[in-house]
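Beneath this line is the structure, given in structure tokens, with notes to follow.
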Amino acid sequence: MHRLVAGLAAFVALALVPAALADGPGYVSQGGSGVLAANRETRYVAVPAGNATAIERVRVRGGSVVSWTTLDGFWGIPSPTISQAEGLSRDGGKLFVVNGGLGSPTKFAVIDTRTWRVRDRFTLKGFFSYDAISPDASTLFLIQHVSTSNFNRYVVRAYDLRSHTLRRGRIADRTQRGWVMEGAPMTRTTGAGGRWVYTLYQRPGGYPFIHALDTVNGVAHCTGLPWTGDQTPMWNVRLTVRDNGKTLAVHWKSGKPWLMLNTSTWRLAHVRADAAGFALRWLLAGAAAVVILAFGLLVLGRRRLPRKAAPVPL
């Protein structure tokens, strides 16, 4: 009975923790699906362990725990959006975890995924959350929450992991100095090589926008999206990098296209339905249906033909 109660308590904790901390830019999650390794065979998941947190490597097939380490206190896998966990370096050798909480200071730990030892720790004064990491894992990009009354107000900062210093200034779009960073991240995608990270933000009372972060040069660009009214449907929008990184497709979860963003000029273009292609698809589908119908009638006709009478012996 005690095991059942403990199991139910753990299940409730795993179910509630991600939701409790999912309010605005930057999330910390325990339980759930965690972050998927590059080989797609294992996942890294944080789970509560009394007054500590276990960081586990779990097999995708079967769900068995391969290895783990334990950290005192409440820690979680960073989730830049409510549904996408990250925190692994590009080579898969480092896992960044965050000490959960809605306040200052913010604690980070770096776990070596090969030895399962904590290879680094650092603490920042203020309320920060994970945003992205450079391909060589030398720079950690952070969301710094700058308002206690509006959790969606933030600035992007860069932390040098080699010198352990928070770089001065913010990472912002220098071409739009009047742009106020405010919004809730809906979804994101990363370009080949891990250099560019594109995040779609919902911004109630304003325009939704795409934040493009160059994690190599430490620059960013923001592009507002044409939208009026309730932004709740933005939850169903997805981002896909195409044309070798030259285009960012903004489309619906169903696959229906919406916008195309040129990542060289940052110009948006509406995707128009291909009327000719649409008509051709319907024509081919109709032709296929006619062929199938004709074949079915032929088979049915053959079945109904009268059999030849057997010869009568004289």
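FYI, it's all coordinate maths here, none of it is from the lab. In this text the structure is predicted, and so the values were computed from the model without any measurement. Positions of Cβ are generated from backbone atoms using ideal geometry, with glycine treated the same way; all protein chains shown enter the neighbour counts.
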Looking at the square roots a ≥ b ≥ c of the eigenvalues of the Cα gyration tensor of the stretch 40-90, which shape do they give, rounded for a/c under 1.5, prolate if a/b is larger than b/c, or oblate? oblate
I want to check the label-to-label distance for Asp120 and Ser163. Put each point 7 Å from Cα in the C-beta direction and report it in nm to one decimal. 1.4
Please list 90-96, 241-247, 131-137, 111-117 highest first by mean number of surrounding beta-carbon atoms within 10 Å per residue. 131-137, 90-96, 111-117, 241-247
Rounded if a/c is under 1.5, else prolate if a/b beats b/c, else oblate: with a ≥ b ≥ c from the C-alpha gyration tensor eigenvalues square-rooted, which is the stretch 73-117? oblate
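Got a sec? How would Phe151, Phe141, Phe128 order by Cβ neighbour count within 10 Å, fewest to most?
Working: Phe151 16, Phe141 21, Phe128 24.
Starting with the residue having the fewest Cβ neighbours, the order is Phe151, Phe141, Phe128.
Under 11 Å from the Cβ of Arg162, count the other residues' Cβ atoms, weight Lys and Arg +1, Asp and Glu -1, and hand me the total.
Working: positive: none; negative: Asp120, Asp136, Asp160.
Net charge around Arg162: -3.
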Rounded to whole Hz and in sequence order, give me ³J(HN,Hα) for the stretch 198-206 from the Karplus expression 6.51 cos²θ - 1.76 cosθ + 1.60, θ = phi - 60°, writing x for Gly and Pro. 10, 10, 8, 10, 8, 9, x, x, x
Going by the alpha-carbon gyration tensor, a ≥ b ≥ c the square roots of its eigenvalues, is the stretch 174-270 rounded (a/c under 1.5) or, if a/c is not under 1.5, prolate (a/b greater than b/c) versus oblate? oblate
For a quick check: sort Arg119, Arg195 by the number of other beta carbons within 10 angstrom, fewest at the front. Arg119, Arg195
At Lys246 and Arg272, where each label point lies 7 Å from the Cα along Cα→Cβ, what is the point-to-point distance in nanometres? 2.0
